[in-house]
């Protein structure tokens, strides 16, 4: 039956692959093995909440075999193929109207003892898979199980490019040259349109339609007699599950307060990232739990509340001549208590503030790797 997999369910099947639309539409040419490796790396990176730059991710042969229904021998072979060329792969995308080139990974290491591959994702990739801000028009997501049986890199690429338009049901017209580059096709490949359609488009759509619950179709667009682009339709034939739950509506202030209780928080997190994590949060059944009411009035009220609180604290600090460094109140009493005998008051004040700032910096670095709320990690509420 279409879209039904009778093979043993694997632990990755329901894991979400989430990429920004900027990464989805980038010019790229990954092979099937490399695409699969990046998929598992995306799952691993997102499970960490916030992935530090230069932090390696490990993909074992056993996990690769389970994720894509391969024998251990074929999984081993696929990982070796991916390891050989992935470091040299590049992709191109637009940033503020200017073209940027980036590697997928900055380091690849085949670990013989553990039998798997350790890769370090490039900063541009990390930004496009972990810093998703929660608004559906900015990213595309799908479950790993939806593409696990694809045997063509073209099927993967077409699925991702079109999947982002699922809510609309159809794509705009994809310019032919740009589309071919996004599909990983070199300029001199498939110069004949009939070959391109038969060996790339038709075969990819056939595989998608046979192995997923989606139905894809395409329409060619011409200028005169010359084909200049393609548009696609997408329809999910899976039974729709009626939603019997309501998402909890939060104000901006409520969302930011709640964000510290959701895994993935970090000390210098922007309000945008914090709200994004809240909107991305899902329950055990994969349903979105919260909706943030981002009205102009609510945002202005939130800003005003922050300004009032900040002003109140600053005035109190100025009036009473104290300073907060982390959780430590640096006032006359504290300075006098920790002053060395051979120091003047000003010398002691300068030294203590420097030491506490360094201590706070070390604390904040430690917090980066901790999923608990900040106040809990630091020991008490700030």
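One Cα centroid belongs to region 154-184, the other to region 70-134; the line between them spans 21 Å.
Full extension of the chain segment joining residue 52 with residue 195 gains 47.1 nm, where the gain is 0.36 nm per residue of separation less the Cα-Cα distance.
The average projected area of region 177-264, computed from the convex hull of its Cα atoms over all directions, is 10.9 nm². Decide, for region 296-346, between rounded, prolate and oblate: order the square roots of the alpha carbon gyration tensor eigenvalues as a ≥ b ≥ c, take rounded if a/c falls under 1.5, and otherwise choose prolate if a/b is larger than b/c, else oblate. Prolate is the answer for region 296-346, as a/c is 1.5 or above and a/b outweighs b/c.
Sorted ascending by nearby beta carbons within 10 Å, beginning with the fewest, 61, 120 become 120, 61.
A straight chain from residue 246 to residue 331 at 0.36 nm per residue would run longer than the Cα-Cα distance by 25.7 nm. Take the Cα of residue 338, go 7 Å toward its beta carbon, and the backbone nitrogen atoms of region 287-321 under 19 Å from that spot belong to 317-318, 320-321.
Label separation (residue 107 vs residue 177): 4.0 nm, computed from points 7 Å beyond Cα along the C-beta direction.
What full-extension length gain, to one decimal in nm, is calculated for residue 353 and residue 209 as 0.36 nm per residue of separation minus the Cα-Cα distance?
That works out to 45.4 nm of additional length.
As a ratio to 2.2 N^0.38 Å, the alpha-carbon radius of gyration for region 8-89 is 1.11. Spin-label model, residue 188/residue 149: points 7 Å from Cα along the beta carbon direction are separated by 3.8 nm. Distance from the C-alpha centroid of region 338-352 to that of region 191-223: 75 Å, rounded to the whole angstrom.
We did not get these values from a lab; they are worked out from the coordinates using the rules stated. Here the structure is a predicted model, which means the values were calculated and not measured. For neighbour counting, all protein chains shown are included, and Cβ atoms are generated from backbone atoms with ideal geometry for every residue, glycine included.
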